[in-house]
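First up is the structure itself, then whatever we jot down about it.
Nothing in this text is a laboratory measurement; each read-out follows from the coordinates by a stated rule. Since we're looking at a predicted model, the values are computed, not measured. All Cβ positions, glycine included, derive from the backbone under ideal geometry; neighbour counts span all protein chains shown.
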Ligand code: ADP
Ligand code: MG
């Protein structure tokens, strides 16, 4: 009884590993690891047979053998075949010849009949065909044993029958578990895929909506420009407004592309954080002036490098700085702070603006979350995905009516590493 449980346990154990090796990895060592795990299971089964009757071992070795073959393929099947024969030979006794017979029949049935079609079977057919297969092979083998060596049927009938049934049930259960795990995995992948598609299509719908507005406005101005009796001042005004609207349309598309394009394809470059933050501060200066915001720089390091793309780096901090300035409609102070610690570069954007509630902070980075009348709700999302691509982290600290601090920590890169 004890050994029966050990057999069942060691037959079921590979299924756990199955999940790790077969489902969760795409590695090329998949087959090797499957073969190894099922071989171990076979050897343990044979080492702790349920009973040993006059040199004939009763154990569940064929369960991992068949499972390994079905889910690992030809090479795994052949490997397991030789593992069984080698170990059975090592154990000794007449049972070896029976094992040669059984496993060879199984190998042929598996390779020639089952493997080509197995994956197309329904779950019911998979389970029942495997149960019937193992039961038949066991029965034939027992009769063969009897007629060749004339001893095996001395064993109590109860033992023989329950051995055949228990093994069939075990393989049925195993197939069911494995198929269940596979189905769960497929479902998970589909769900993930659908989510991504959904958010992309939502995004596309909103982008086209967002882009249409500035285009309509621009179209209106151009129409106005066509009229002959328009004075110079008005004309310039219309042109400025049209340009501004076109810029807005362009920035929406840029934001969208940064999000939609996988960052892995982009070639990384060494970014001098000080230089690039100086650049961002300069770019933001006119916008800050317009809102009576003063920009201050507090750089506590003279040299700091990270890996990323300059274009994205600029976009990330311009988006965040823009939000900070927009959070101070009555003017205020925006501090750019750079520091380094434990091979991390920390960049802080500290504003004295309207701040955010805890709920607002939680929703930051969610596409289309905006509290502004003309907001797109894409700025922080893009900034978050850029920071993630640079293997960094964002922390937000905010107090309503006092201000907000965005802290971005990015792993440093020693200049020689990249060159
Ligand atoms: P948008 O700027 O178009 O609204 P964002 O994704 O850039 O979209 O920002 C989303 C929202 O997060 C903003 O509408 C604003 O309410 C809030 N927010 C972002 N940064 C700050 C900040 N520094 N201070 C206060 N609120 C902010
Ligand atoms: Mg914004």
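Modelled this way, with points 7 Å down the Cα-to-C-beta line, the labels at residue 90 and residue 414 are 4.7 nm from one another.
Relative contact order for the chain using alpha-carbon pairs under 8 Å, separation at least 6, rounded to a whole percent? List each step's numbers first, then the result.
Details: 556 pairs, mean separation 41.4, N = 419.
That works out to 10 percent.
With a cut-off of 20 Å on the backbone N, the residues of region 233-255 near the modelled label site 7 Å out from residue 219 along Cα-Cβ are 238-253. Residues of region 267-294 falling in the label zone of residue 330, defined by backbone nitrogen less than 20 Å from a point 7 Å along Cα to beta-carbon, are 288-294.
Averaged over residues, the count of other Cβ atoms within 10 Å places the peptides 118-128, 275-285 in the sequence 275-285, 118-128, highest first.
Ordered by the count of other Cβ atoms within 10 Å of each Cβ, fewest first, 271, 8, 105 give 105, 8, 271. In this simple spin-label approximation, residue 401 and residue 268 carry label points 7 Å from Cα along the Cα→Cβ vector, and these lie 4.5 nm apart.
What is the gain in length, in nm to one decimal, between residue 181 and residue 359 on full extension, counting 0.36 nm per residue of separation less the C-alpha to C-alpha distance?
Details: separation 178, 0.36 × 178 = 64.08 nm, distance 3.71 nm.
Here the segment from residue 181 to residue 359 would lengthen by 60.4 nm.
Across region 208-260, the mean sequence separation of Cα contacts (distance under 8 Å, 6 or more residues apart), normalised by length, yields a relative contact order of 51 percent.
May I ask you to compute the full-extension gain from residue 291 to residue 388, defined as 0.36 nm times their residue separation minus their alpha-carbon distance, rounded to one decimal in nm?
Values: separation 97, 0.36 × 97 = 34.92 nm, distance 3.02 nm.
That works out to 31.9 nm of additional length.
How many angstrom lie between the Cα centre of region 303-354 and the Cα centre of region 165-189? Each part reduced to its Cα centre gives a spacing of 52 Å.
Residue separation of residue 303 and residue 232 scaled by 0.36 nm, minus their Cα-Cα distance, works out to 20.6 nm of gained length. Across region 102-189, Cα pairs under 8 Å and at least six residues apart give a relative contact order of 37 percent. Between the Cα long axis of helix 157-226 and the first principal axis of the chain there is an angle of about 20°, rounded to the nearest 10.
Hey, what number do you get for the chain at 222 nm if only DSSP H runs of n ≥ 4 count, each worth -39500 (n - 2.57), divided across all residues, to the nearest 500?
Values: 14 runs with 264 residues, N = 419.
Only helices count here, giving -21500 deg cm²/dmol.
If R0 is taken as 30 Å, the Cβ-Cβ distance between residue 275 and residue 371 corresponds to a FRET efficiency of 0.35. Helix 123-149 and the long axis of the chain differ in direction by around 30°, with both axes built from C-alpha atoms. For the chain, the longest principal axis of the C-alpha atoms and the axis of helix 62-72 are separated by about 30°. Computed over the chain with a Gaussian network model linking Cα atoms closer than 10 Å, the most mobile of 36, 155, 249 is 155. Ranked by the mean number of other Cβ atoms within 10 Å of their residues, highest first, the peptides 131-140, 95-104 come out as 95-104, 131-140. With each pseudo-label sitting 7 Å past Cα toward Cβ, what's the residue 205-residue 16 distance in nm, one decimal? Going by the 7 Å Cα→Cβ label model, 4.6 nm.
What's the ranking of 160-167, 218-225, 185-192 by average number of surrounding C-beta atoms within 10 Å, highest first?
160-167, 218-225, 185-192
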